[in-house]
Amino acid sequence: MVLYFSATGNSAYVAKKISAMLQEEDLDLFSRLKENDTTALQSERPFVVVSPTYAWQLPHLLRDWLKRTELKGSKKIYFVLTCGNSIGNAEKGLKKLCGEIGKEYCGCAQIVMPENYIVLFQAPREEEARKIIQKAEPVMRHVAQRIASGDFLQTPNITPLHRLESGMINNMFYRFYIGSKKFRVKINCIHCGKCAAVCVKNNIQMQNGRPQWGNDCIHCMACICQCPVEAIEYGKATKGKVRYHCPVKADAPTEK
Ligand SMILES: Cc1cc2nc3c(=O)[nH]c(=O)nc-3n(C[C@H](O)[C@H](O)[C@H](O)COP(=O)(O)O)c2cc1C
């Protein structure tokens, strides 16, 4: 069973591609995460968790949900992390998690997809994003083949910098950097409520038709990138930047 979380579509795309190649059922965890639904799941075939990388680790939201949700049946679990550049030493945390939830760690693949963290970086324009995804296609096929054969998924070599990124920097990122105070909505807001609907943390309330952010944000970029009229900004950091959403559908033919 392929389980996935995705804020801007990359991990959904990868999960759907891999599940189609494996002829496995896939499950979008969005509403389970949003509703804090920890009903047990059952699969006799290995679990495959597909997710974005946040600060060189599995998002804490997903890690904590996995700790609270019983995955019945197969003991094996694979991880596939999409990222803009590198998953660092995410493996260390994943192995620890597997120990805690009683699963056999079967490896973690890194799949480089378009960057979506527009608070810190630039997201690519559509044409460039399509090229990045095209480059990722063979990696997805390779990953699916290894899972189908029951092989371990190798992560790229770990350097001291990767250890620092996934360790101390990840800690500092969650403790000091993530916040929602800088979110604001511009005059062109059309009051559609999509930002609140796509917020996996239920951190956005519509008040008098305009979004108000609470203090429980994970910086997933869903609200700012999925706003249909680009009415959301994060301080000055996102001004003039491309809003990103995966431009391809998993059931579309692969671009050559
Ligand atoms: C809060 C946050 C942190 C991120 N941290 C990393 C990172 O450590 N390394 C990296 O290469 N990409 C990082 N990214 C980029 C995303 O992992 C990447 O674009 C991912 O494919 C987005 O997946 P989605 O479209 O399924 O949400 C980060 C993105 C966000 C929003």
Discussion item. Residues to consider are Glu91, Glu115; find the one that is outside any strand (DSSP E or B) and out of contact with any strand residue (DSSP E or B) (no Cβ under 8 Å at 6 or more places or on another chain).
Written reply: Glu115
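Looking at the range 223-236, is at least one residue loosely packed, with under 13 Cβ neighbours inside 10 Å and touching an Asp or Glu at 6+ places or on another chain (Cβ under 8 Å)?
The answer is no; no qualifying residue exists.
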Worksheet item: Has the range 27-36 got any residue that is touching a Gly at 6+ places or on another chain (Cβ under 8 Å), within 13 Å of the ligand (Cβ to nearest atom), at pLDDT 95 or above and assigned by TED's automatic domain parsing to the domain that holds Phe152?
Response: no
Discussion item. When the residues of the range 237-256 are narrowed to those that are within 16 Å of the ligand (Cβ to nearest atom) and exposed (fewer than 14 other Cβ atoms within 10 Å of the Cβ), which ends up nearest to Ile190 (Cα to Cα)?
Written reply: Ala237
Discussion item. I'm checking my understanding of the structure. Among residues of the range 92-117 that are among the β-branched types (Val, Ile, Thr) and surrounded by fewer than 21 Cβ atoms within 10 Å (Cβ to Cβ), which one is nearest to the chain's Cα centre (by Cα)?
Written reply: Val112
Worksheet item: For residues in the range 201-212 being closer than 21 Å to Ala237 by Cβ and in contact (Cβ under 8 Å) with a residue 12 or more places away in the chain, which is farthest from the ligand (Cβ to nearest atom)?
Response: Arg210
Discussion item. Tally up the residues in the range 42-88 that are at positive phi, within 16 Å of the ligand (Cβ to nearest atom) and free of Cβ contacts under 8 Å to residues at least 40 places away in the same chain, please.
Written reply: 0
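Conditions tested, residue by residue: (1) part of a helix (DSSP H, G or I); (2) of a type in the set (Gly, Ala, Ser).
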position: Gly107; (1), (2): no, yes
position: Ile111; (1), (2): no, no
position: Arg130; (1), (2): yes, no
position: Gly150; (1), (2): no, yes
position: Arg175; (1), (2): yes, no
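The values are calculated or read from the model by the stated rules, or taken from the named source; none is laboratory data. What you see is a predicted model; the values in this text were computed from it and never measured. When we count neighbours, we look across all protein chains shown, and the Cβ atoms used for this are built from the backbone with ideal geometry, even at glycine.
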